[in-house]
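The values are calculated or read from the model by the stated rules, or taken from the named source; none is laboratory data. Only a predicted model underlies this, so the values are computations on that prediction, with no experimental measurement involved. Every residue, glycine as well, gets a Cβ built from its backbone with ideal geometry; the counts of neighbours run over all protein chains shown.
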Amino acid sequence: MQSQDWHETAMRMDKDDPLAELRREFLLPDGVVYLDGNSLGPLTHRGLAELEQTIGEWRRLGVAGWQDAKVPWFHLAETLGGQLGAIVGAEPGEVVATAQTTLNLHQILQTFYRPEGDRHVIVIDALEFPSDLYAVRSHLEARGMDPHRSMRLVQSGDGLTLAATDILAALAGDVALAVLPGVLYRSGQLLPIAQITRAAHRRGVPVAWDLSHAVGAVPLDLHRDDADFAFFCTYKYLCGGPGAIGGLFVHRRHLPVRPGMAGWFGSDKSSQFDMASEMAAAHDSGALQVGTPPVLAAVPLLGSLAIYREVGMEAVRQRSLRLTDFLIALADDCLAEFGFRVATPREADGRGGHVALEHAEAARLSRALKDRGVVPDFRPPNIVRFGPHPLYTTFSELAQAVLVLREIAESRSHLAYPAEREEVG
Ligand SMILES: Cc1ncc(COP(=O)(O)O)c(C=O)c1O
């Protein structure tokens, strides 16, 4: 199709979009097509209002805000946990908002990794976000164990995706725990969480899911799927803000539990301020909190999660799939001849919310895109990621982004940029 036809098709799709109004909820960076909400979601108007409310309470109430704030800070982690739980299909008490993604993985390892005799291996995939690999390795070392013996990497056949059969083949009788991604951070592949969890359980292996790239893009049903543990960030699709508080899920059948890394905020709320020298841990996943929650890095979520609640995850997913279908069709039609390849699985049930484009010059292309007002991100060595956000990205923006990318590739203007690595983000 000609560029003009793509633009017109996109405009028609925007006009017919029943969720188009949602864009008004967001404070998007000015003058750019913001396709990096899968790395850092933008501020929402409601999140800003919550933040301003909290700052006002801090000013007016001081320490009394722990009890007297509109959402008392003392209960904020549990309140947000309940709201996050609704997004990931958890029962009350199974999710708590706490710490950060990597720290929550450490907590899961410290609490639930129980090597016994020959069953000591942690299975993790070679494509996993590096921080998770660092956490597992350092955890084994801290226990005096040898990662070469006790950490097994599931390899990828194509460097982009994982085969469920390879994952299951790694879950031999010596495996005590598996750590797996719900959606892979580079390629955007969505793994069949329920199916892998069931198969792992048949082998006696609990699974900890990193859902950072799934939450807010893909409907999840963690309780019903019998997932054991999950950890995720809230600063991507969920728009919690840079460094926002993380989410931690523990299935009820693993509760109550003695936290591996204990701290006073993991106490039963009714006795926390008794200041006893022996900890009385909470009976739910709240027990896995350690210290005081970062209130200012948590309250914007009260606003953004309200939007998610109103829309519902099924509608979020339907819009996300329409966006990524359109993006893939655009890329196939406009970019393939310039050396781009869609690296994200094409089937709807095999992909999350973003689309990865492979290109040998991905680093330079992504810099050139930013200078032309399109914000993607680059993941080494050769991926440009486009993260259309299900709640605010328009079809016209996707057409604009892809057609600008085609112009850059066609004119080879990206070659004017240095080839070395991108800035952070
Ligand atoms: C899939 C995945 N896992 C883990 C992390 C690390 O998160 P944090 O810095 O919050 O610990 C990230 C960060 O972007 C991520 O994308």
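Given the conditions (1) of a type in the set (Gly, Ala, Ser); (2) touching an Asp or Glu at 6+ places or on another chain (Cβ under 7 Å); (3) not assigned by TED's automatic domain parsing to the domain that holds Pro390, report the number of the one that Ala20 does not fulfil.
Among (1) of a type in the set (Gly, Ala, Ser); (2) touching an Asp or Glu at 6+ places or on another chain (Cβ under 7 Å); (3) not assigned by TED's automatic domain parsing to the domain that holds Pro390, Ala20 violates only (3).
Just one of the numbered conditions (1) within 16 Å of the ligand (Cβ to nearest atom); (2) surrounded by fewer than 18 Cβ atoms within 10 Å (Cβ to Cβ); (3) on the phi < 0 side of the Ramachandran plot is not true of Asp268; which one?
With respect to (1) within 16 Å of the ligand (Cβ to nearest atom); (2) surrounded by fewer than 18 Cβ atoms within 10 Å (Cβ to Cβ); (3) on the phi < 0 side of the Ramachandran plot, Asp268 is out only on (1).
Show me the strands (runs of 3 or more DSSP E) entirely contained within the range 310-415 in which 2 or more residues are modelled with pLDDT of 95 or more, buried (at least 20 other Cβ atoms within 10 Å of the Cβ) and touching a Leu at 6+ places or on another chain (Cβ under 9 Å).
Where strands (runs of 3 or more DSSP E) fall fully within the range 310-415 and carry at least 2 residues being modelled with pLDDT of 95 or more, buried (at least 20 other Cβ atoms within 10 Å of the Cβ) and touching a Leu at 6+ places or on another chain (Cβ under 9 Å), they are 355-358, 383-386.
Would you confirm whether or not the range 237-257 contains a residue that is more than 16 Å from the ligand (Cβ to nearest atom), surrounded by fewer than 24 Cβ atoms within 10 Å (Cβ to Cβ) and within 13 Å of the chain's Cα centre (by Cα)?
So far as the range 237-257 goes, no, none of its residues is more than 16 Å from the ligand (Cβ to nearest atom), surrounded by fewer than 24 Cβ atoms within 10 Å (Cβ to Cβ) and within 13 Å of the chain's Cα centre (by Cα).
State the number of residues belonging to the range 144-177 that are part of a loop (DSSP other than H, G, I, E, B), more than 16 Å from the ligand (Cβ to nearest atom) and touching a residue at least 24 places away in the same chain (Cβ under 8 Å).
Of the residues in the range 144-177, 7 are part of a loop (DSSP other than H, G, I, E, B), more than 16 Å from the ligand (Cβ to nearest atom) and touching a residue at least 24 places away in the same chain (Cβ under 8 Å).
Give all pairs with beta carbons closer than 6 Å in which a residue from the range 115-135 that is over 16 Å from Leu184 (Cα atoms) meets a residue that is near the ligand (Cβ under 10 Å from one of its atoms) and assigned to a helix (DSSP H, G or I); count only pairs at least 6 apart in sequence or on separate chains.
Between residues of the range 115-135 that are over 16 Å from Leu184 (Cα atoms) and residues that are near the ligand (Cβ under 10 Å from one of its atoms) and assigned to a helix (DSSP H, G or I), the close pairs are Ala135/Thr102; Ala135/Leu105; Ala135/His106.
Do the conditions hold for Ser212, that is, is it polar (S, T, N, Q), within 30 Å of His283 (Cβ to Cβ) and within 16 Å of the ligand (Cβ to nearest atom)?
In short, yes.
Tell me whether the range 64-75 contains one or more residues that are within 18 Å of Val175 (Cα to Cα) and out of contact with any helix residue (DSSP H, G or I) (no Cβ under 7 Å at 6 or more places or on another chain).
Within the range 64-75 (the criterion being within 18 Å of Val175 (Cα to Cα) and out of contact with any helix residue (DSSP H, G or I) (no Cβ under 7 Å at 6 or more places or on another chain)), the answer is no, since none of the residues qualifies.
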